[in-house]
Every structure is written in C-alpha cells, then in structure tokens.
1. If you rank E207, E23 by how much accessible surface each has, with a 1.4 Å probe, what is the order from largest down?
2. To the nearest 20 debye, what charge dipole does the stretch 36-77 have about its Cα centre, counting +1 at the Cβ of each Lys and Arg and -1 at the Cβ of each Asp and Glu?
3. Ranked from the most accessible area to the least, with a 1.4 Å probe and all protein chains present, what is the order of W9, W74?
4. So what J values fall out for the stretch 286-302 if you push phi through Karplus, 6.51 cos²θ - 1.76 cosθ + 1.60 with θ = phi - 60°, rounded to Hz, Gly and Pro as x?
5. Tell me, what is the per residue accessible area of the stretch 159-247 in Å², probe radius 1.4 Å?
Amino acid sequence: MPHDGAVSWTLVDGDLSVVAPVEAFLAHLSAVERSPNTVRAYAHDLRDYFTFLALRGLDWASVRLEDLGAFVAWLRLPPAARDGRVVALPSATPFCAAATINRKLSALATFYEFHARHGVDLGDLLTTWKPGGRGGSWKPFLAHLGEGPTRRRTIALRTERRAPRVLTGEQVAAILEACERLRDRLLFALLAGSGLRIGEALGLRHEDVRARRCEVAVRARRNSNGARAKSWGRTVPVAAELIGLYADYLHDEYGDLDSDYVFVNLWGGRIGRPLTYASVHRLVGRLAARSGVDFEPHWLRHTYATDLLRRGTPVEVVRELLGHASVTTTIDTYAHLDVEDARRALQDAGVLPAEEQEPE
C-alpha cells in the first residue's frame with residue numbers, strides 16, 4: 001500500500017476482475033491487523049476454492065455439502081488432472097496432504113462465517129444436515145453461527161499427528177559455529193536460548209534487551225520490516241552469555257549506527273534498515289550449506305521448548321515463555337515423547353531396569 005508500505009492480497013478471476021466476496025473478506029482480515037502471512041494463506045486457499053467453483057459452474061453462496069466433498073476430492077488430484085482433461089489413476093499419490101486440506105476447509109469455514117455474520121443469504125448451505133453431538137441429535141452446517149463462539153467444520157480428514165522437528169545440541173552448535181558474523185550468531189543463539197519466533201526476534205528494539213536483568217521483552221508493535229509478534233507481550237529470561245554476545249555485536253559490528261532495531265542490514269542493501277524475513281531465509285540457506293544441518297528458524301523454538309519439558313519445567317511456565325494463549329496449545333504441540341524419553345521415564349519409575357554403565 002502506498003501510504004504505509006503494507007502488503008495487500010487480492011484475488012482476481014480469469015478476466016482479471018476482483019472477486020468481490022473474497023476481497024471483502026481479505027480486507028476485513030487486514031483491517032483487524034491479521035498477519036500478512038495469514039492473509040496471504042487465506043488468499044491462496046480461497047483461490048483454489050474459487051477455481052474449483054469456476055470449473056464446476058457453481059455459485060459460492062449456493063453450494064451444498066456434496067460440493068464441499070467434491071472440492072476435497074479435487075484437491076487430492078494433481079494440478080494437471082483438475083480440469084477433467086487428464087484422468088488420475090487410483091494409485092496416484094494424493095497431491096494435497098490431509099493436513100493441508102483441513103487447513104483449507106478451516107479457511108472456508110472462516111470465510112463463510114464472515115459473510116453469514118454480514119447478512120449474506122447462503123441458501124441451502126445453512127440447512128445441510130450433519131451429525132451433532134451426544135444423544136444422536138442433528139445440526140445444520142454452520143449452525144454454530146447462532147450459538148456462540150463454538151466452531152465446527154462439516155468435513156475434516158484424519159491426519160497423522162507429527163512431533164515438532166527438534167535439533168540436537170550438536171546441531172545447534174554447528175549452526176552457531178557456521179555463522180561468520182556476530183549479528184547472525186546472536187540471532188540464532190537468541191532463537192535457541194529464548195524460544196522466540198523469528199518475527200518476534202526481527203521486531204526487537206534495543207530497549208527490549210534488558211542487559212542488567214538478562215531479559216528480553218517481546219512486544220506487539222507495527223514494524224517497518226513486516227515482522228510481527230504473534231501473541232501478547234511477555235518477558236523471557238536469557239543466559240548471561242547471550243547478553244555478552246549482544247554487547248560484542250554492538251561493539252564490533254553495530255558501532256554508532258542510528259537505528260532502534262537490534263537486527264539490521266550492515267553489509268548490504270540499505271544499511272541500518274531492519275532485517276527482513278527474506279534476508280533470514282537466504283541466511284538460513286547459507287548456514288545449512290556450511291553446517292550440513294538442514295533446518296528452519298522455528299525448529300530452534302521447538303528445540304528450546306522440548307528441552308525445557310524434558311528437564312521437568314512445568315508446562316505452565318513453558319506456556320508463558322512461549323507466549324501461547326492456552327496451556328492446551330503447549331501440551332498438544334510440545335508434550336511429545338520419543339522412544340528414549342519413554343524408556344527413561346519407565347526406568348525412573350522402576351518399570352524397566354536401569355541401564356548398566358560400561359566399564360571404562
């Protein structure tokens with residue numbers, strides 16, 4: 001946008017005309033300050049849906065439950081077979097995974113909820129019956145719109161639960177060792193030692209680093225590089241070594257640069273401008289090549305949280321440190337066990353004998 005540089009997303013049809021119902025929904029998301037990445041994800045999911053509707057000659061406000069089922073089947077097809085001119089063999093691997101399809105269905109539910117709350121007549125879509133809760137009752141699709149905050153999707157695919165990707169201590173050390181600049185080493189040491197999201201780190205100001213107390217404050221604010229704090233403000237204690245690395249970075253690389261941001265361009269682009277997601281993405285690629293560790297910045301957050309839980313840190317404390325809105329999110333995401341975790345727990349409980357140490 002020309003007035004503030006914010007990124008906007010718009011869906012157009014084959015004639016390059018704006019798709020009005022989607023435009024109204026995306027504009028609403030931007031108005032309530034949803035993350036640009038979130039708005040983009042909704043735009044892509046709705047693009048798939050309206051492409052499907054166009055191919056079937058369906059109107060978005062009068063689809064039925066069976067049309068949503070056909071949409072799921074359509075998403076499973078490879079792109080080359082979606083226009084009906086190529087037949088996909090039954091043995092072909094589904095193009096979209098179940099988790100991806102469920103995300104798209106969730107986007108559709110939010111989209112229809114928005115329009116229903118704004119008085120759009122959705123016809124048969126609101127009177128399509130589905131099984132309800134206990135006692136064998138039945139409820140219409142999207143009936144929750146008049147019942148309060150409870151939300152339910154009509155269709156959802158069963159997905160395999162995956163444990164978050166974590167790194168070993170050796171892998172984290174290799175990533176930090178591969179950093180040729182103090183700025184880069186500080187960034188990834190911060191992610192590994194605080195559990196901050198990459199957007200939270202890129203939005204840090206110098207005033208957020210409380211050196212004497214060894215704390216880092218996370219604040220929700222508008223940042224010129226598009227970085228965002230996903231949750232409310234919080235304060236995270238960090239190790240003294242991290243504060244020392246921050247001091248070295250200011251002395252050796254940052255110098256007398258006039259900027260509020262901690263992580264800025266120092267050797268390329270517009271010097272002093274805050275580091276962007278794209279810059280970090282390129283940096284991760286270089287570090288992966290040097291260290292031999294294939295990773296994403298968010299894996300350092302997973303590693304931090306998993307290590308805390310394995311050390312017996314109360315889940316309520318982990319929730320606060322990570323900035324989760326609910327302890328349930330922390331439990332569902334990070335309270336995972338691998339075989340060795342289970343073995344240690346059973347040995348501690350006396351169910352399995354403790355492993356004998358080999359003589360040196």
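The values are calculated or read from the model by the stated rules, or taken from the named source; none is laboratory data. This structure is a prediction, so every number in the text was calculated from the model and none was measured. We place every Cβ from the backbone using ideal geometry, glycine too, and count neighbours over all the protein chains shown. For the accessible areas, the whole protein counts, side chains as well, though only heavy atoms, and no ligand, DNA or RNA atoms are used. Shrake-Rupley method; radii C 1.70, N 1.55, O 1.52, S 1.80 Å.
1. Output order, biggest surface exposure first: E207, E23.
2. 120 debye
3. Putting W9, W74 in descending order of accessible area: W9, W74.
4. The phi angles translate into 5, 5, 4, 5, 6, 8, x, 10, 7, 8, 10, x, 5, 5, 5, 5, 4 Hz.
5. Using a 1.4 Å probe on heavy atoms only, each residue of the stretch 159-247 averages 51 Å².
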